[in-house]
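Here's the structure we're looking at; comments come further down.
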Amino acid sequence: MASVPLIRLSLTPTAPLKPLRNPSSFLTARKLSLTHPLKSKSSKSTVTRMSFNPTPATDRLISAVSYTLPFFNSLQYGRYLFIQYPNLGILFDPLLPLLGLYRSIPYSSFVAFFALYLGVVRNPSFSQYVRFNAMQSVTLDVLLVVPLLLQRIFNPGRGGLGFRVMVWGHNALFIFSVFCFVYSVVSCILGRTPHLPFVAEAAGRQM
């Protein structure tokens, strides 16, 4: 007797399936669902490709060359290191011809400074990338002049604690300037924007 309900359930007729009212609409929706992801993916890749804008080679070159101004002016801070470590000067021997040409021009530092500031930083024909790097090199060059002014004012002499502090300060400035030069030139060659510590913020305010 327990199997009777199972037989009755198996024999009960099921509801007939309703036919599709509009088969063409189903095919159209299926086609759209298959083609839509491909269409969105191709449009997304097109937008990404169009937004890629590398830095031109001329902008990289001008930006890298602009950092030679503070670097050449900072070599005077390395004289105590060159005296203490004579082999260190061998690394800078390839730059001696360029440095000699730079020193042979009267008032070369002032000429290069105003050429960068008036000819590049304040020139709207150059890109923002070039103008920022030129302004950063000019700002670094100005900051490197401050220790010389303090040295002339206080005159630490040739011995004592004041002289030791001056030597330590010159060595630190020279190492810092070499780091800034190498980091900035490599960044400009790669098309990246170098942000020097304590200098980038000051340069950004002047832009």
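The values are calculated or read from the model by the stated rules, or taken from the named source; none is laboratory data. Computed from a predicted model, the values in this text were never measured in an experiment. Every residue, glycine among them, receives a Cβ derived from its backbone with ideal geometry; neighbour counts consider all protein chains shown.
Some points to look at:
- Those residues of region 161-174 which are more than 16 Å from residue 137 (Cα to Cα) and either within 22 Å of the chain's Cα centre (by Cα) or of a type outside the set (Val, Ile, Thr) (or both), in sequence order: 161, 162, 163, 164, 166, 168, 169, 170, 171, 172
- Failed item, numbered, when residue 170 is tested on (1) loosely packed, with under 14 Cβ neighbours inside 10 Å; (2) farther than 27 Å from residue 58 by Cβ: (1)
- Test for residue 177: is it among the polar types (S, T, N, Q) and without any contact (Cβ under 8 Å) to a residue 40 or more places away in the chain: no
- Residue in region 129-141 that is touching an Asp or Glu at 6+ places or on another chain (Cβ under 8 Å), of a type in the set (Val, Ile, Thr), under 20 Å from residue 57 (Cβ atoms) and surrounded by 12 or more Cβ atoms within 10 Å (Cβ to Cβ) present: yes
- Boolean, residue 112 is of a type in the set (Gly, Ala, Ser) and in contact with an Asp or Glu (Cβ under 9 Å, 6 or more places away or on another chain): yes
- Residue in region 154-165 that is in a helix (DSSP H, G or I) and in contact (Cβ under 8 Å) with a residue 12 or more places away in the chain present: no
Residue-wise test of (1) under 21 Å from residue 129 (Cα atoms); (2) modelled with pLDDT of 90 or more.
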| residue | (1), (2) |
| --- | --- |
| 161 | no, no |
| 170 | no, yes |
| 176 | no, yes |
| 179 | yes, yes |
| 185 | yes, yes |
| 189 | yes, yes |
| 193 | yes, yes |
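- Looking across region 40-74 at every residue that is at pLDDT 50 or above and of a type in the set (Val, Ile, Thr), the one that is nearest to the chain's Cα centre (by Cα) is identified as 55.
- Residue ID - nearest to residue 55 (Cα to Cα), chosen from residues in region 123-153 that are outside any helix (DSSP H, G or I) and without any contact (Cβ under 8 Å) to a residue 40 or more places away in the chain: 125
- Region 49-104: number of residues that are surrounded by 14 or more Cβ atoms within 10 Å (Cβ to Cβ) and in contact (Cβ under 8 Å) with a residue 60 or more places away in the chain: 20
- Selection over region 74-91 of residues that are under 13 Å from residue 175 (Cα atoms) and not aliphatic (A, V, I, L, M) gives a count of 7.
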